[in-house]
Amino acid sequence: AAEVGPAFVTVTSGDRQVASGFLLIDKVGPGLFSANGDGRGVAAAVAVKVAADGTQTSQLVYRCGAAAGSCVSVPIHLGGEKDQVILSLFGTGIRGAKSISFLGLPPVTVLFAGAQGQYPGLDQVNIRLPRSLIGRGEVEIGLSADGRSANIVTVNIK
């Protein structure tokens, strides 16, 4: 693991130097992925509804057209009173955080926060969406990892 603090980095391609400079290495540097790939708007996320009988159904929380930047939110239905909906957000710079909190949401239960496991550098945060969000429409989600804020993304709660 790298030490925390300033570091000098040189990027090379083949036998030539492409870039170099100083950067700051930190334990966390959270960022959430958005469906449009610009760090804004609808989250690149999946909602999984767990019915009272244990049946699970998943949905992407966005839909995209053919044009770049055309992704829009798809409403998440929180279902019946005994159903649970788990939102899986994807990002980077989150693993290793000792504390995760959210802005724009009522208190949520963080079920998992760490390396996604399949792709290097991809982190995942699973939260249980509270029923108090029913009918809120577009909701801004701001994640904080060890007090460092990520970009804000949105989901639509029907």
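The values are calculated or read from the model by the stated rules, or taken from the named source; none is laboratory data. Quick caveat: nothing in here was measured; it's all calculated off a predicted structure. Cβ: placed from backbone, ideal geometry, glycine included. Neighbour counts: every protein chain shown. Accessible surface is based on the protein model in full, side chains and every heavy atom, while ligands, DNA and RNA are left aside. Shrake-Rupley method; radii C 1.70, N 1.55, O 1.52, S 1.80 Å.
What to note about this one:
- Output for segment 42-54, where each listed residue is open to solvent by 50 Å² or more (accessible area, probe 1.4 Å) and either within 12 Å of ASN156 (Cα to Cα) or not in a loop (DSSP other than H, G, I, E, B) (or both): LYS49
- Segment 1-53, residues that are closer than 24 Å to LEU78 by Cα, modelled with pLDDT of 95 or more and among the small types (Gly, Ala, Ser): SER34, ALA35, GLY41, ALA43, ALA44, ALA45, ALA47, ALA51
- For segment 98-116, the tally of residues that are exposed (fewer than 13 other Cβ atoms within 10 Å of the Cβ), in a strand (DSSP E or B) and touching a residue at least 40 places away in the same chain (Cβ under 8 Å) stands at 1.
- Only residues that are more than 16 Å from LEU32 (Cβ to Cβ), surrounded by fewer than 16 Cβ atoms within 10 Å (Cβ to Cβ) and in contact with a Gly (Cβ under 9 Å, 6 or more places away or on another chain) were counted across segment 132-158, and they come to 1.
- Residue satisfying all of: in segment 117-145; modelled with pLDDT of 95 or more and part of a loop (DSSP other than H, G, I, E, B); farthest from LYS82 (Cα to Cα) among these: LEU122
- Residues located in segment 10-27, provided they are within 23 Å of GLY93 (Cα to Cα) and open to solvent by 90 Å² or more (accessible area, probe 1.4 Å): PHE22, LEU24, LYS27
- Tally, over segment 28-40, of residues that are surrounded by 19 or more Cβ atoms within 10 Å (Cβ to Cβ) and farther than 16 Å from SER149 by Cβ: 1
- Segment 55-97, subset of a type in the set (S, T, N, Q) and assigned to a loop (DSSP other than H, G, I, E, B), residue farthest from VAL155 (Cα to Cα): THR55
- Residue tally, condition polar (S, T, N, Q) and either open to solvent by 30 Å² or more (accessible area, probe 1.4 Å) or more than 16 Å from the chain's Cα centre (by Cα) (or both), over segment 71-97: 2
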